[in-house]
Structures are given as structure tokens and as C-alpha cells.
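This report concerns only the one structure given below.
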Amino acid sequence: MRRRSDEAAAHRRLAAPLSRLATSPALRRTLVQVAVAAVLGGLLVAAFLDVRSNMEARGIPTGFGFLDDPAGFDINQSLIAYSATSTYGRAFLVGLLNTCLVAAIGLVLSTLLGFLVGIARLSPNMLLRGLASAYVEGLRNVPLLLQLLFWYNAVLRPLPPPSEALLLPFGSALTNRGLYLPAPIAAQSLAPVALAALLGMGVAFVLFRRMRGRHGPAQGVRVAVIALALVLPPVLATAAFGWPVTFERPELGRFNYAGGLRLTPELVALVMGLSLYTAAFIAEVVRAGLEAVPRGQSEAAAALGLDASRTYRFVLIPQAMRLIVPLLTSQYLNLVKNSSLAVFVGYPDLVQVFAGTVLNQTGAAVQVVLVTMAVYLAISLVASAAMNLYNRRVALVER
Amino acid sequence: MAGGVAGGEPPFLRAGHAAEGRAPPPPPGLAATLRKNLLGSWGSCLITLTGLALIGLALPPLLRFLVLDAVFIAPDGAACRAPGAGACWAFIAAKLPYLVYGAYPLGERWRVDTTLVLGGVLIVWLLWLDAPWRRAATILFFVAFPLAAFVLLYGAPPLGLVRVETNLWGGIFVSLLVALVGIVVSLPLGILLALGRRSRLPVLSLACTSFIEILRGVPMITVLFMANTMLPLFVPETLAPDRLLRPLIGVALFASAYMAEVVRGGLQAIPAGQIEAAQALGLHMLTIQRRIVLPQALRHVVPGIVNTFIGLFKDTTLVAVVGIFDFLRTIESARLDPAWAGPTISATGYAFAALFYFTFCFGMSRYSLFVEGRLAFGRRS
């Protein structure tokens, strides 16, 4: 680089100001940047003006005022109060919460299954390994949409009607109208028990911090003390104030089940599809993470007499987590983004409600699509930031 | 050993043969390996038994459904509606032309075949690492093939090819087309974006980074919605892009963002010394990128590119959301045909689609593993 700028300086003294453009990299760089900025900015402004005039010409609302208009359509699953007279803004919230619901359930289930399958792929048992590989390859190589449609159209929809429901344990029932589960009902006396449980958790946490380290009491004593701190307060509170939660079982009426908790077939299909599909990817992440831990670590653990489960819990998984966490984050984000496939099975998530029905009714394409994208983008950014933080904490443990 | 010679004294030599050591134990036979693998401990035994039970429960019904009880030849859905009948492959056979070509006119379907064969040959040429003239294949695939495909598929009246409107296109051919457009656009565009992101010019780098991160942060469906509803608003009403072109643009941009990140990984793996050496030789920055950096970087990321392509191929199913009749959508509409209606039709259709996608994706992932192995081998030696 220095040779070039020397050369440029020599030229500068001799050449006319115009030819400096050809010889001064710094000047050229600035000019290129200005040009890029001007072209991009110009394109954006032109597109913006064009879109606005096109929208006005076609009578499409250009602001966000439409969010306060009554929506006029029903949504078959809502976590907050919603009716056809609610506003479009309310419908947006309903969709967003439904997306969060399906993502939350999917995250838990796919993590559990993914870790199990990932560990199974490294099992010394050949058969288990083979089954796990078949699971991973089979689910990873078939589009998620196809799997969703399969669960919804070929498995859940042809289920028998409520009168011939498949009965599951605890009074649950699987029918073509959805999965009916016992619903937990909070009694009046929930507050004292919840408070007691919280108190117990606080005490347990403090005790845990206190007893940590080499000079603390033996492992068994520690576990017993902490378990006691966790269990005793809620049990005492229950004894004093009564059992806080009752389960309401779904009862078969003349045509349908009443009571209990009903999960729509759409929700069940989406959760099943997303969890099973993502679990295959998480299993690969877990396997890669565990395989990256040097072999000597598990051999050393075996030499110390740790059994398989302890080797995994105390030696392999903590080390593997460093590699697993960043990859896991991107799988979690994929799951959240993939939950937008809800639109294909008619589950009322953000995309189906907002970018589907609301967009079609209002025609406010630009606003609706941009807001939808902004929501997912915000989720992605927040999740990456959170995982980066965690990642930094984990990395500190490293020598 | 050498020390003895250097000292001038005769080195220690063994007078006779050493006693014969014991032969190493013979490699365990298949039966022993299996026993150790499957029945090594009580836990292992339990797992093996559970696994066998699982296979025993799942495999026979699956086999019966897919093969033994399946209906292979039938004029209509009556035979498939019989109680106990398995998969209705006759339905797939009857619908196959529709599943492959959609509503593309019967007499013009040779054009689709020609395009697909051309594309297939070029892809094999490109993916076959030892093939001759791979440069020529690159140019043919990325420049000549798209033009030829457009002329063949859309038609060119002066050449005697009747125009076929895109609303008649459908089936496997559209799925492959979306994937092909995705790869043809995303690879060059992804390379440009990756170079732009690593550029020292802050404005350029910022623009490329935000493009990549925004597209990677949102679901593909929203990109398709955006392409479908917003692209027509960018231009005057008369110039509104074709309904197939809009999702194609969306897919291409979406894939480019992912491709850019893969390529960037490869660019980062190139040691700075390579660029410095090229600069010392007095090469221009563009020449350095084209001749020194990119050939090495792209070689590193062939597996990543193939994996991105697998993802892209699976994602092409989503174009159905904006009304494109891709393969999955033709399955969806074929399975609702009342002439074939029956309890097993949906499952048959999905099984066929799953087989199709699995074959492609699994094959590609094996190829990517093979390339990875070869690259690793090259690095070791």
C-alpha cells in the first residue's frame, strides 16, 4: 500500500488535478462510496415515491390508521379476548401471541427430542444408533411443509369424530376436532401456595449458593436440603389453605367434548411438524458438539469411574455446550421463522392473521408486510443478542 | 542405535532370534461384534429389545401399506377405496403427467423435457469434480442455460415456439425451475454480496450487511408475500411483473442472502498472505479477487453451497403460498379429485412427494459429504 501512495504522491505533484482521480485510492474510494450511497438512496426514494403514488392511485391506505378499524373476522384460537368487533391492531396481537405460543411449545419439545436423538446417535448400541440416524436423515431431507400437510391432512383430519374418540390416559381424547386435555383450574387459594413455592425457590437458591464449593456438606446432604427447601413451603401452604389446582377433565357431551383444554388440530399439527423437524437438526447440532469434545475427556471420565449418564452430565455436555449454543440459536430462530408455515394448515399465527387476512381485507400490503418482517427481525436480533451474552458467559469458563 | 556406531565399539547385537510373541487376537467375528454392540450390558440389552419391538411394530404395517396391500393398477379410485387397501400407486400413475408438467400444453411438453435434460446435464458436469472444461460448463450454466430455458419454456413466436403463459406451468417442473433460478441467481449475487460485505468501503459494506441480515432474519414466506404484493407497487400498473416472476425474484434474493454467508465463510478462510502476495505482484484488486481469492474460497465452501441448495430446494415448496402450482400444490389438488377420492389418497400423495424430495436432498447431502471428504484429503496431503 505504501508503495502505491508514494507513487500517487509523486504523480500528484506532476499531474493535472483531474487525473488525480486515477491515482489517489483514497479519493477514488470516497467517490465510489458517494456513488453507491447516491444510487441506493436514489433507488429507495424513487421506490418510495412510486409506491406511494401507486397506492394512492389504487385507493390503498398509506398510513397505519387502519389498525384502529374493526377487523370483522373471527379467529378460532386466541390467548386474549378477541371478537369480530375488535380492531386490526388487536388481531395483530392475537396472531403474534399465537406465534409465540407455538414457538414456545416447539422449542421445548424439539430441544428435548433433539438432545435425546443426538445422544442416541453416539450410543455404543448399533441398533439405537441406526434408528437415530434413520430419524435424522428421514426428517431432515423432506420439506417441512410436506410434513405439516401430512400430519394435518393425512393423520389428524381423518381421526374419528368425538363419539369414537381415541381415549388417552388422564381423560385426554384425540378426535378430528382436536386434542382434549384435562385443564388445570386454579382455585381461590392459589396465591398463598404460589407465594410459598416462590419463597422456597428463593431459599433453595440462597442455600445452593452457600453450600457450593469444596468445603460444603456432602452431595447427598446438599441435594436433600435443597429439595426440602423447594418442597416443604408449598406442601405446608397446601396443608394450610387447601389444594390449589384442580384438573377439569373433558366430558363427552352429545356431539362434542365439553370442558377441559382443547388444542385445535391445526395447533397440534404445527407443533408436531415443527418439533419433529427441528429436533432432527438439533440432534445433528448436539452430535457435532459432543463429537468435538476430545475423546480423552470421556476416557478420563471412564477412568474416574463415572457411569455413562454422569459422564454426559458433568463432563461431555458442559464442554459441548460451547459449540452447541451458537448452532442451537440458529436452529431456534429457524423454528420461529418456520412457524410461519402455519398459514398452510390454517393455524392463526402472525402471518396467517396479519399478512393473510388483514392484508387481504385492507390492501395495506406495504405496511402489513413490513410490520410482519420487522417482528421476525426483532425476534431474530433479540435472540442473537441474548445468545451472544450467554455465549460470552460460557466462553469465560474456558481457560 | 547410531550412538554405538559413533563410539567405535561394536554395537550390541542379539545373538539369536527373539522369543516369538503371542499373536494378536484375531479380529472379532461378526457375531461377536454384534453381541458386544447390541448386548454389551443390561441397559444395552433393554435398548436393543425396545428398538426391535419398535421396528417390529412399525415396519410391517408400513410395508403392507406401501407395497403388499398397495394398489398398483386401477382405472379409477374404486379399487383403492376397498377396505384394507394400502397406498394407491395407480393414482400417482394416472396423475403423473399432471404432477410433472402441471397444465403445460400436451404438444409442447417436449420443451420442458429438453430444458430439464439440459439443466441436468450441465449440473452433473458442474458437480463432477474431474470433468473436463468445467469453466465452459460454468459459463453455459449461468449464462446460456437461463436464456435457452426462457426461450424454450416461455416460447418465442419468431422461432416457431408457441408462447405458453406461466399460469399453465406447474408440477415438478416448476419446483425444479424455482430451484434452478434460485441457484443460478444466488451464487453470483451471493458472491457479490459477500465481497461487498467484506469491502473496506463502509457504505457498501453496510448496505450489503443489512441486506443479508434482514433477509436472513425473516421467514421466506414474508419475503414471498413482499415480492408478491409489493413488487407490483414499485412499478406502474402496466409493467407489473408476471405472477411467476415475482416469487422467483423473492426466492432468488432470499437464497442470495444465505449464499452470501456461505461464501463469506470461504473468503475468511483465505489467509491474508495470499492477497498480500498478489498485491506484491502488482495485481489489480479485482484481478486478485477473481483469480486468487474466489477460486480458493469457493472450493472450500462447495459443501456449504450444496447444503444451502438443499435448503433452497426444500423451501421451493413455499411458493405455493402465492398461488404457484409447484409439485406439492399439484399433489394437493390431485388428491382432492373426486374420481380418486379415498381414505388412502392423501397418504399416498404425500408418500410419493416425500420419496421425491428425499431422493434429491439425500443424494445432494451425500454428494456434499463426498466433496468434504475430498477437500479434507487434499488438505492433509
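The values are calculated or read from the model by the stated rules, or taken from the named source; none is laboratory data. The shown structure was predicted, so the numbers you read here are calculated from the model rather than taken from an experiment. Cβ sites come from the backbone with ideal geometry, for glycine too, and all protein chains shown count toward neighbours. To get the accessible areas, we keep the full protein, side chains included, count just its heavy atoms, and leave off ligands, DNA and RNA. Shrake-Rupley method; radii C 1.70, N 1.55, O 1.52, S 1.80 Å.
Things to note:
- Which listed residue, of A:167, A:113, A:131, A:109, is farther than 19 Å from residue A:345 by Cα and modelled with pLDDT under 90: A:167
- The residue pairs whose first member lies in segment A:49-72 and is closer than 20 Å to residue A:93 by Cβ, whose second member is exposed (fewer than 14 other Cβ atoms within 10 Å of the Cβ) and not small (Gly, Ala, Ser), and whose beta carbons are closer than 7 Å, counting only pairs six or more residues apart or on different chains, are A:70/A:85.
- Residues located in segment A:122-138, provided they are open to solvent by less than 20 Å² (accessible area, probe 1.4 Å) and facing chain B (nearest Cβ under 7 Å): A:125
- Meets criteria (open to solvent by less than 50 Å² (accessible area, probe 1.4 Å), assigned to a helix (DSSP H, G or I) and farther than 30 Å from residue B:98 by Cβ) for residue B:293: yes
- Close pairs from segment B:51-65: first at negative phi and within 13 Å of chain A (Cβ to nearest Cβ), partner open to solvent by 60 Å² or more (accessible area, probe 1.4 Å) and modelled with pLDDT under 90, Cβ under 9 Å, at least 6 apart: none
- The set of residues in segment B:222-252 being under 19 Å from residue B:185 (Cα atoms), of a type in the set (A, V, I, L, M, F, W, C) and in contact (Cβ under 8 Å) with a residue 60 or more places away in the chain consists of B:224, B:227, B:244, B:245, B:248, B:251, B:252.
- Qualifying helices (runs of 4 or more DSSP H) (wholly inside segment B:190-276; at least 3 residues being more than 21 Å from residue B:291 (Cα to Cα), away from every other protein chain (no Cβ under 13 Å) and open to solvent by 20 Å² or more (accessible area, probe 1.4 Å)): B:245-268
Okay, residues lined up against (1) within 11 Å of chain B (Cβ to nearest Cβ); (2) at pLDDT below 95; (3) open to solvent by 30 Å² or more (accessible area, probe 1.4 Å):
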site: A:343; (1), (2), (3): yes, yes, yes
site: A:359; (1), (2), (3): yes, yes, no
site: A:392; (1), (2), (3): no, yes, yes
site: A:399; (1), (2), (3): no, yes, yes
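- Taking segment A:139-155 as the range and being facing chain B (nearest Cβ under 7 Å), under 10 Å from residue B:354 (Cβ atoms) and open to solvent by 10 Å² or more (accessible area, probe 1.4 Å) as the test, the residues that pass are A:142, A:150.
- Number of residues in segment B:39-90 that are of a type in the set (Ser, Thr, Tyr) and open to solvent by less than 60 Å² (accessible area, probe 1.4 Å): the value is 2.
- Any hit, segment A:113-125, residues being within 25 Å of residue A:312 (Cβ to Cβ) and among the aromatic types (Phe, Trp, Tyr): yes
- Any chance residue B:376 is farther than 25 Å from residue B:83 by Cβ, surrounded by fewer than 20 Cβ atoms within 10 Å (Cβ to Cβ) and more than 9 Å from chain A (Cβ to nearest Cβ): yes
- Sole residue being part of a helix (DSSP H, G or I) and over 15 Å from residue B:80 (Cα atoms), chosen from B:333, B:346: B:333
- Top-ranked residue in segment A:58-71 [being out of contact with any Ser or Thr (no Cβ under 8 Å at 6 or more places or on another chain) and open to solvent by 60 Å² or more (accessible area, probe 1.4 Å); ranked as modelled with the highest pLDDT]: A:64
- Hits in segment A:81-121 (condition: of a type outside the set (Gly, Ala, Ser), part of a loop (DSSP other than H, G, I, E, B) and either open to solvent by 50 Å² or more (accessible area, probe 1.4 Å) or in the same structural domain as residue A:362 (by TED's automatic domain parsing) (or both)): A:85, A:121
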